[in-house]
1. What percent does the relative contact order of the chain come to when contacts are Cα pairs within less than 8 Å and at least six residues apart?
2. Determine the dipole magnitude for the chain: charges of +1 sit on the beta-carbon of Lys and Arg, -1 on that of Asp and Glu, nothing else is charged, the reference point is the Cα centre, and the result goes in debye to the nearest 20.
3. Taking the convex hull of the alpha carbon atoms in region 91-213, what volume per residue do you get, in Å³?
4. Distance from the Cα centre of region 20-78 to that of region 109-187, in angstrom?
5. Going by the alpha-carbon gyration tensor, a ≥ b ≥ c the square roots of its eigenvalues, is region 35-75 rounded (a/c under 1.5) or, if a/c is not under 1.5, prolate (a/b greater than b/c) versus oblate?
6. Could you tell me which residue out of A76, A98, L113 lies farthest along the dipole of region 67-120 toward its positive end? Charges go on the beta carbon: Lys and Arg +1, Asp and Glu -1, centred on the Cα centre.
7. Indicate, rounded to the nearest 5 percent, the antiparallel portion of the DSSP beta bridges found entirely in region 77-213.
8. Using a probe of 1.4 angstrom, how much of the accessible area of region 1-76 is carbon and sulfur, in percent?
Amino acid sequence: MELVDPDVERYALEHTTPFDPQLRSLLAEASDALPYPSMLSGPVVGRLLETLVFAVGAASVLEIGTYAGYSTLAIAGGLAPGGRIITCELEAAHADFARRHIAASPYSDRVDLRVGPALDTIAGLTGPFDFVFIDADKTGYPAYFEATLPLLAERGLIVADNTLRDGHVLDPPDTWEAGTRAIAELNDRLAHDERVVVVQLTVRDGLTIVRRR
Ligand code: DHB
Ligand code: MG
């Protein structure tokens with residue numbers, strides 16, 4: 001399903017502050033060199049993440065799902081002075097791509113890339129995190145959410161990507177594939193979860209913003 005009219009998407013892109021040339025070239029190279037261009041967050045989501053991180057004055061960020069490192073570096077640009085982002089990636093090839101671009105960026109000293117299952121990495125972290133971005137395997141979202149909520153700072157945010165799954169969360173449940181099922185069930189639970197306040201955005205493929213109640 002086309003969630004937003006392409007002309008409107010283009011207009012939004014054209015009226016969003018562009019990133020620096022390094023991040024623009026990362027996006028171009030990742031679109032060609034990595035297998036899943038649709039997984040790249042792009043400039044509008046990148047700017048939104050950077051703006052949220054800036055607004056909460058985040059010094060400590062956890063990202064689950066590095067992929068090319070595009071959102072990692074977008075977020076890094078919004079960090080408070082001395083801020084750090086830990087980013088978790090399962091796939092060595094993705095981590096290698098991201099590592100190279102992180103090293104070439106102005107933010108290499110702000111980024112801590114951890115390769116391996118994110119839940120293993122999270123088990124060794126104490127937080128608190130001012131900002132958490134969940135953007136990895138979709139069946140893992142419920143576990144990532146439960147693992148990170150206790151590590152969230154009092155005024156922190158958890159943001160989850162792809163919470164509309166190209167609109168498939170609106171399809172009949174018996175047609176859901178595993179990732180859509182996990183996300184649709186999480187969306188339903190979160191809307192009534194007494195621990196949190198949630199807003200579902202229709203930006204790109206759906207972003208859900210969560211804070212403590
Ligand atoms: C998929 C995953 C993503 O994180 C994304 O932003 C777009 C698509 C996917 O698994 O298809
Ligand atoms: Mg995503």
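1. Answer for the chain is 18 percent.
2. Around 740 debye, computed over the chain.
3. Measuring per residue, one finds 127 Å³ for the Cα hull of region 91-213.
4. Taking the Cα centre of region 109-187 as reference, the centre of region 20-78 is 16 Å away.
5. In terms of gyration-tensor shape, oblate.
6. It is A76.
7. Taking every DSSP beta bridge with both residues in region 77-213, the antiparallel ones total about 50 percent.
8. In region 1-76, the share of accessible area belonging to carbon and sulfur is 60 percent.
The values are calculated or read from the model by the stated rules, or taken from the named source; none is laboratory data. Everything quoted here is computed from the prediction, not taken from an experiment. Counting neighbours? That spans all protein chains shown, and the Cβs are built from the backbone with ideal geometry, glycine included. Just so you know, the surface numbers come from the protein's heavy atoms only, side chains and all, with ligands and any DNA or RNA stripped out. Shrake-Rupley method; radii C 1.70, N 1.55, O 1.52, S 1.80 Å.
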